[in-house]
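The values are calculated or read from the model by the stated rules, or taken from the named source; none is laboratory data. Everything quoted here is computed from the prediction, not taken from an experiment. Here Cβ is always computed from backbone atoms with ideal geometry, including for glycine, and neighbour counts include all displayed protein chains. Just the protein is used for accessible areas: all its heavy atoms, side chains included, with ligands, DNA and RNA removed. Shrake-Rupley method; radii C 1.70, N 1.55, O 1.52, S 1.80 Å.
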Amino acid sequence: MKLLIWIAVSLPALAISWGYLPDGSSFVLYREPKLVAAGLLGWVLLVALAWSGRYQKPRDALETVFKRPVIFVLAFFLAYMLSTGAWTQVSANYLYEANQYLLLFGLLLMGLVATQRNSSFVETASHSLLVSLGIVTAIGILQWFVEIPGLAPIDPEIGVAHPSLMGYKNPAALALVGQIFLLAERVTHRSRRLPVRIGWGILWILELAYLLSLRSRTSYLAFAGAGLVLLTLWLVRGSVRRAGRQALVATAAVCLACVLILSVQEPARKRLAATTSYLLEPASYLTSDRGTYLLNTLNMARHHPFGVGLGDWQTAYPLYRLRDRYRAFDDSFEVRRAHSDHVQFLGEGGWIGMSLWVAFLGTLLWTTATQSDRRQACFHSAQVAAFILAMATDYVLELPYSKYQFFWVLIIVLGSIKAQRIEADSFVAAGVGVGHAQGRVAADRRIRRPRWLHRSTVPLVVLSLVGLGEVCYHWALGSRIQTAARIESSYQSARSSAHPERNLRDIVALAPRLAKGPGHTKTLYRAWLTVGEAAHRLGQNELALAATGRALRLHPFSPTTLRSMARVTTDPEASAEWLRASEFVKDKAVDGPSDSYPDPHFLRDTIRFQSRR
């Protein structure tokens, strides 16, 4: 079991994949392979954990887990967000998010159950997480000085060409912030041998240096804010004299390290200065891109107080751009995320979802800060605070690996807290004329389940079949993602080629593979748009209509998709209608669909017509 935990926790951070085109060029994928790896390994581990505890009263263990307020509130929040699928416009986006949250919540429950019967579970999971990010850091530092073949960064023009196995600076920085205080807790653990603590300490310094070199304002804010939380709790919960001396030494050491690193990184100093300006003038935040997304999401929530549905922020946002409507939204780019998980949940879950989310975060922070182990309380609270602050200004839970990492941090943090003894229920406590043992038997009879289900393997068999289906699903999703990447890369080659016909024919030939099998990501519509454009340029009008219609079903209010429909539609009247719809969404929409453009019935009927063809 330990080996399986190591594999399931550590490998998703290291997962990348390469692809090759017929012309000999290649591409590398960073984000999507982590989604597939987390799904495959997560379901295998979930089923294994369920089977390993089948003889140890799993029902009682689950009841103990659900008696924790933080788990109850999280379950309530996820239940509400899953219920928003009733009014989600793009069901594929909803299923994409729901599938991940169901797996991760199941892993959270089974992980906390495992910690009750196996004290080494948390230790193994923690070591796996820290070692995997240590490998990412080592590769990133090496890439900082030497170009590594096959690990081309996604956007080297921003000046950060060493994002390691994450592909881009922000995901790399968020992954480091997501565990750096857990690593610091290992360094201060006095029960460990000194060489081990020195090794963890060296790794912590390297990760801090790598983190500062990535120039991520969100990571700077999260690290500094969580450090203040750590310092405050260290002074409040420890012996004032001793804690004050230790906190002073630790703070001085961290500040000195940051000064030394930033002194040789002028771009990093500029990013830090930009972050500080928002703290000195909070009102200026509303004029930034994040502030614009916040104001427009408030407009979205005003029209949809119960939310637009889980995963559907990117679908609804084009219709509610009341403030600075052309920021990060033009003919070449359309924003797909709120760049803040809190704001994203406000748009997708409405005020109810936002309230439950805030309640969960508050309960989580309170639970970690008030645990009996003072040292763990300080560092675990700081780690939770780092996530909360990072989620305020960036899309942590929109990144598949960061979402996976967050739930594993929940398992580590909550699993470290000693489980409280289950109190006897009121029926047993009152006695009611029977002894303690008799009262327990009577209480068990009141809640007894059918004999065929009690101590039965039927639920485990069902879970195993579901897990097998999910493994097959994620395997098919990986193949579909690879096909979509080949399509996008072939189109880039066609744009730069003097004779693009070969690349366009390759794209058209990949269309059946893209349509085959299950699996979805929120960017799959772009692959269908590319197929439609390639077929249109080759004169294959029916395929162009069908492919663009698929893209429209996945992103119905995208001006780019609507313009593509206008271009590939052969009917002049329908083409003019699509073009007017595109212009309406791009230039006028602020309070949802208009009565005329885009007309929901026209869009739906046309999409249905395209799907029949």
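Here are the numbers for this structure:
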quantity	calculated
Calculated SAXS-style log₁₀ I(q)/I(0) at q = 0.15, 0.18, 0.28, 0.31 Å⁻¹ - the stretch 103-158, Debye, Cα scatterers	-0.65, -0.73, -1.12, -1.19
Heavy atoms of ASP373: accessible area, 1.4 Å probe, square angstrom to 10	60 Å²
Pairs beyond 31 Å (Cα-Cα), from LYS522/LYS588; LYS516/LYS588; LYS2/LYS516; LYS169/LYS588; LYS67/LYS403; LYS403/LYS588	LYS516/LYS588; LYS2/LYS516; LYS169/LYS588; LYS403/LYS588
Pairwise centroid distance, computed over Cα atoms, of the stretch 37-111 with the stretch 193-220, Å	32 Å
At q = 0.09, 0.13, 0.14 Å⁻¹, base-10 log of I(q)/I(0) for the stretch 448-574 (Debye sum, equal scatterers on each alpha carbon)	-0.37, -0.59, -0.65
Taking N as its residue count, the alpha carbon Rg of the stretch 1-52 over 2.2 N^0.38 Å	1.47
Heavy atoms of ARG537 accessible to a 1.4 Å probe, total area in Å² rounded to 10	110 Å²
For peptides 213-223, 514-524, sequence by mean Cβ density within 10 Å, most packed first	213-223, 514-524
Length-normalised contact order of the stretch 469-588 in % [C-alpha pairs under 8 Å, at least 6 apart]	19 percent
Accessible area (Å², 1.4 Å probe, nearest 10) - ASP23	80 Å²
Electrostatic dipole magnitude of the stretch 77-203 [Cβ: Lys, Arg +1; Asp, Glu -1; Cα centre; debye, to 20]	700 debye
Whole-Hz couplings from phi, Karplus 6.51/-1.76/1.60, listed for the stretch 195-202; x for Gly and Pro	x, 5, 5, 5, x, 4, x, 4
Gained length - ALA328 relative to ALA574, 0.36 nm times residue gap less alpha-carbon distance	85.7 nm
